[in-house]
Amino acid sequence: MSFTDLTVCNLSIDRVAGDRIDALGEDSPLGAFCQDNYPHKRAFVLGKYRWTFANQVALFPQVAVPEGDPKPCAYKYARPADLAGAVHAWRDAADPQRARTAPYVLDSGGAFWSDQSPLFGEYTRTVAEADWPSWFRQLMITAFAADVADFCQLTTKGRELRQEAWGTPGEQGEGGLYAQARNEDARMAPQRQLVGGVDAGPLVEARGGWGFGRFGFTGFSLSNGG
């Protein structure tokens, strides 16, 4: 039997002793809940950490900018359809050993902007459930089961599942199965390379810039965390 989004949802429902569903979005309260909430939970858990099994390096495609439109940088780049969360690192070559610089990139209006061409990004991609490692499956099932418990108004069960997934309140979401999954994933991680003296794999830190409000641009710069 293939492991799919429906599998995850039903295994999560099992954790709260609920009735399984036949399809996401079926005409039932849990079917509708899973359709509305599971994709967001999957994106959150995938995007929360730089998972080695989901790491992707890609050349970002340039997008034409209509004449007269504002251009905060020389080039506009499309967001990958499989992007989960933030881009972890930018560089001017796919291979960190050949990269000369870590370019500055802006994220605005659903696209990326940079004066660098070509532009390569390293990011967490959306991975099909069938390709998840077993320890990530367990994390996702438990994390979503906590949400299902809340939906079913099983407050105590939801709290227990959330603590199982993310740890005690004092661990601030960094413990439990999540911490175990990070440890397992770290065993798969390759050695980091330096790009221009900077770690090729730091997380990208969002900083406000280019104005304020809903139409303001958000800048990205490299930090040494991650």
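Once you keep just the Cα pairs under 8 angstrom separated by 6 or more residues, what percentage relative contact order results for region 78-133?
On the way: 78 pairs, mean separation 24.1, N = 56.
Relative contact order comes out at 43 percent.
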Problem set entry | Set of lysines with alpha-carbon distance to LYS48 below 16 Å, sequence-local pairs under 8 removed | none
For this session: Give me the distance between the Cα centres of region 103-159 and region 15-83, rounded to whole Å.
Result: 7 Å
Exercise. In terms of Cα to Cα distance under 25 Å, which lysines are near enough to LYS71, apart from those fewer than 8 places away along the same chain?
Worked result: none
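No lab work stands behind these numbers, since they all come straight from the coordinates. In this text the structure is predicted, and so the values were computed from the model without any measurement.
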